[in-house]
Amino acid sequence: MSRIGNKVVTLPAGVEVSRQGDVVTVKGPKGELSRTVASEITFSVDGAEVSFSRSSDDGRTKALHGTTRANVANMVEGVSNGFKKTLKLVGVGYRAAKQGDKLVLTVGYSHPVEFEAREGLTVEVPDSVTITVEGISKQLVGDLAAEIRAVRAPEPYKGKGIRYEGEVVARKEGKTGK
């Protein structure tokens, strides 16, 4: 029995959920998101609550039950509040800048690394060592933040690199020189 799949999703004011075929659409004050879901999972909207049920108890359907509910809950959260990831640059000379729609990173390479603006996402640089990625899709926000972090992932000896805000990097001792 899926504990997550059986939980209801509470809809905030101004959010609508609809389904046409295998596509679920969530509309809210910040925008609209659509996603294809498995046909084995059905849902019903009762006032401000959405509940999910599955057609059978085979392994695949059980797995999709909780996943579908979590995806729809994230869509509801995104169109009502949005998602945000903050990254910090740690290292001497490491800095970020925004030039028009491009994010330009100077992180110790012989060339600056550039990221183009993506549809539905907002990238801000409040100061030279902080980057914030905002949007309504949790998946797109997380993907872009992970791509930015992968440019120079934090290394364990000096701790230099791009890390998520609040991320703890396990430090290693290094050579003793003896």
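The values are calculated or read from the model by the stated rules, or taken from the named source; none is laboratory data. What you are looking at is a predicted structure, and each value in this text was computed from that prediction instead of being measured. Cβ: placed from backbone, ideal geometry, glycine included. Neighbour counts: every protein chain shown. Protein only, heavy atoms only, side chains kept; ligands, DNA and RNA dropped before computing areas. Shrake-Rupley method; radii C 1.70, N 1.55, O 1.52, S 1.80 Å.
Checking each residue in the stretch 122-157 for being touching a residue at least 24 places away in the same chain (Cβ under 8 Å) and over 15 Å from the mean Cα position of the chain (by Cα) picks out GLU124, VAL125, SER128, VAL129, THR130, VAL151, ARG152, PRO154. Whether a residue is part of a loop (DSSP other than H, G, I, E, B) and either hydrophobic (A, V, I, L, M, F, W, C) or not assigned by the TED database to the domain that holds LYS138 (or both) was assessed, and VAL123 does not pass this test.
Testing LEU87 on (1) assigned by the TED database to the domain that holds VAL107; (2) in contact with a Pro (Cβ under 6 Å, 6 or more places away or on another chain), one condition comes back false. Which one is that? Among (1) assigned by the TED database to the domain that holds VAL107; (2) in contact with a Pro (Cβ under 6 Å, 6 or more places away or on another chain), the lone unmet condition for LEU87 is (2). Restricting the stretch 1-49 to residues that are loosely packed, with under 11 Cβ neighbours inside 10 Å and not assigned by the TED database to the domain that holds ALA70, the residue that is farthest from the chain's Cα centre (by Cα) is MET1. Among the residues of the stretch 104-121, the ones that are in contact with a strand residue (DSSP E or B) (Cβ under 8 Å, 6 or more places away or on another chain), farther than 19 Å from ALA153 by Cα and without any contact (Cβ under 8 Å) to a residue 24 or more places away in the chain come to 3 in all. Among what's in the stretch 135-178 and is closer than 24 Å to SER80 by Cβ and hydroxyl-bearing (Ser, Thr, Tyr), pick the residue that is surrounded by the most Cβ atoms within 10 Å (Cβ to Cβ). It comes out as SER137.
On the basis of being open to solvent by 70 Å² or more (accessible area, probe 1.4 Å), more than 23 Å from GLY28 (Cβ to Cβ) and in a helix (DSSP H, G or I), does GLU114 make the cut? Criteria not met by GLU114.
Inspect all residues belonging to the stretch 50-63 and state whether any of them is open to solvent by 70 Å² or more (accessible area, probe 1.4 Å), at pLDDT below 90 and of a type outside the set (D, E, K, R). Within the stretch 50-63 (the criterion being open to solvent by 70 Å² or more (accessible area, probe 1.4 Å), at pLDDT below 90 and of a type outside the set (D, E, K, R)), the answer is yes, since at least one residue qualifies. Give just the number: which of (1) of a type outside the set (A, V, I, L, M); (2) farther than 30 Å from VAL169 by Cα; (3) in contact with a helix residue (DSSP H, G or I) (Cβ under 6 Å, 6 or more places away or on another chain); (4) at pLDDT 90 or above does PHE83 not satisfy? Here PHE83 clears every test but (2).
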